[in-house]
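The values are calculated or read from the model by the stated rules, or taken from the named source; none is laboratory data. Just so you know, these numbers come straight off a predicted model, no measurement behind them. Cβ placement follows ideal geometry from the backbone for every residue including glycine, while neighbour counts extend to all protein chains displayed.
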Amino acid sequence: MIFIGQNKFLGGRSGEKNSCGLTEQLKNLGFESNRLKTGTSPRVDKRTINYDILEEQTGDNEFDNGFSFDNIKSMFDPLSCYMTYTNDKVHKIINDNIKESYIYSNNIKGPRYCPSIEDKIIRFVSKNSHQIFIEPDGYNSMEVYLNGFSTSLSINTQIKALKLIKGFENIKIIKPGYSVEYDFFNPMGLYHTMETKIVANLFMAGQINGTTGYEEAACQGLMAGINASLKIKDNHEFIIKRNEGYIGVLIDDLITKGTEEPYRMFTSRAEYRLSLRQDNADIRLSKKSYEIGLIPDDKMSKINNKIHDIQQIIHCLKKTKISNENADIIMNYVNKNDVFNNNLSLYDILLRPQLNINIISKFNDILMNIVKCYDKSTIQQVEINVKYEHYLKRENDMINKINYIESFYIKNDFDYNNIKSLSNEAKEKLSKIKPKTLGQASRISGISPADIAILAIKIRN
């Protein structure tokens, strides 16, 4: 259901019809359903904005890594965004008309992390202004997106409020902001493969599982599609663990803890975020992609060569010593209290936070040749692996300990009610969620360490 002020109408994705009857059919099969809401900002005509008086937000001049590691160069120069702010007059217009806003007045859960402008004004009364990022929709589009002004106020109120914002005095709306209320199904009724526990061979992905955001929906669709394909071929299921990718964190959170509000993926949700970096995604996940036929031989060979190069360069850094004369010169870049011992290796010197490979290479021909012969991505990985070696090792030790309890698999028909020493709450939650491993069981809200210890004994037996 879509809401603009007091007007409401049925709808699906932009320009599409909504689904009627699907919820009732699934509920009749035993699925648990509830309602969530989310909102979006107005799209406005960029020709009606006075950019000359706004703050420009430029993009990066250099792209070390794009969304692909294939060194695909963009055909376009980056477009700038711009920033402006709400003010007291805007807040008064919104306050005076707050009752017409469905997203504010209704009790159905909305997105905590992308609040509407109504929510921000009510919740943060002490704030005299809020940021609005003006984002172009594309090179050939007249539409711009007003990030930070999500709303379900009436069209007239949206226009009145926007015209009081700096740079928006002559603004024209192409599409008004609106609120969407939708059904979702308890994601704890899913396996890690995104297959439902109630109906075999039925996979669910996207907002239907209680998430919000394009990336969250896309990664679920990817995993559901992969596993549906693998199941048809009677192949092993494909699962990304929490320590292997953010997809693993998102899916494990959903199916183990469920959600009562639109779920967004944040780095803070990942306990292994030192290892889960955008710069090493190819090294972490390419082998998995290759094993299920998603990338060709030549691409996997390229990744293997990169891994080999990184190891070889690090080995070279460890065995190559730097002269005392050059060490004295490099001292100018570091803390004056730092003392260099004789016969330090390039590896030891690179550990200093003030130094990087480019600086040190000026004083060592071997390192200079390495910088010239290898691409930026490889050099970057070498530097990260050296500087954060001890922290990464500590995190890896933690991952190995967690993987140990993840190796204890639990049969799907395991009867928790037969374990007398388990608490009633543990029996109820374990029976409902049916965790696949002891590790997943330990992450269920309300399951105590004592419950896990008891369960571990029973599983071993």
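List the helices (runs of 4 or more DSSP H) that sit entirely inside the range 78-168 and contain at least 3 residues that are under 14 Å from residue 39 (Cβ atoms).
In the range 78-168, 102-105, 117-123 are the helices (runs of 4 or more DSSP H) which contain 3 or more residues that are under 14 Å from residue 39 (Cβ atoms).
If you go through the range 207-218 one residue at a time, do you hit one that is in contact with a Lys or Arg (Cβ under 7 Å, 6 or more places away or on another chain), under 30 Å from residue 144 (Cβ atoms) and aliphatic (A, V, I, L, M)?
no
Need the failing condition index for residue 157 against (1) surrounded by fewer than 18 Cβ atoms within 10 Å (Cβ to Cβ); (2) of a type outside the set (Phe, Trp, Tyr); (3) at pLDDT 95 or above, just the number.
The single condition residue 157 does not satisfy is (1).
Give 329, 307 a once-over and let me know the one that is without any contact (Cβ under 8 Å) to a residue 60 or more places away in the chain and exposed (fewer than 14 other Cβ atoms within 10 Å of the Cβ).
Only one candidate passes the filter, namely 329.
When you look at residue 345, is it surrounded by fewer than 16 Cβ atoms within 10 Å (Cβ to Cβ) and not hydrophobic (A, V, I, L, M, F, W, C), yes or no?
For residue 345, the condition - surrounded by fewer than 16 Cβ atoms within 10 Å (Cβ to Cβ) and not hydrophobic (A, V, I, L, M, F, W, C) - is met.
If you scan the range 169-187, which residues turn out to be surrounded by 17 or more Cβ atoms within 10 Å (Cβ to Cβ) and either more than 25 Å from the chain's Cα centre (by Cα) or part of a loop (DSSP other than H, G, I, E, B) (or both)?
Passing the criteria: 171, 176, 177, 186.
State yes or no: is residue 143 free of Cβ contacts under 8 Å to residues at least 60 places away in the same chain, within 26 Å of residue 46 (Cα to Cα) and surrounded by 14 or more Cβ atoms within 10 Å (Cβ to Cβ)?
no
Do you know which of the residues in the range 146-155 that are under 11 Å from residue 41 (Cβ atoms) and polar (S, T, N, Q) is nearest to the chain's Cα centre (by Cα)?
Per the criteria, the residue is 147.
So is residue 201 in contact with a strand residue (DSSP E or B) (Cβ under 9 Å, 6 or more places away or on another chain) and in contact (Cβ under 8 Å) with a residue 24 or more places away in the chain or not?
yes
Which one of the conditions (1) closer than 30 Å to residue 179 by Cα; (2) surrounded by fewer than 22 Cβ atoms within 10 Å (Cβ to Cβ); (3) not β-branched (Val, Ile, Thr) does residue 216 fail to meet, given that it meets all the rest?
So residue 216 meets the others, but not (2).
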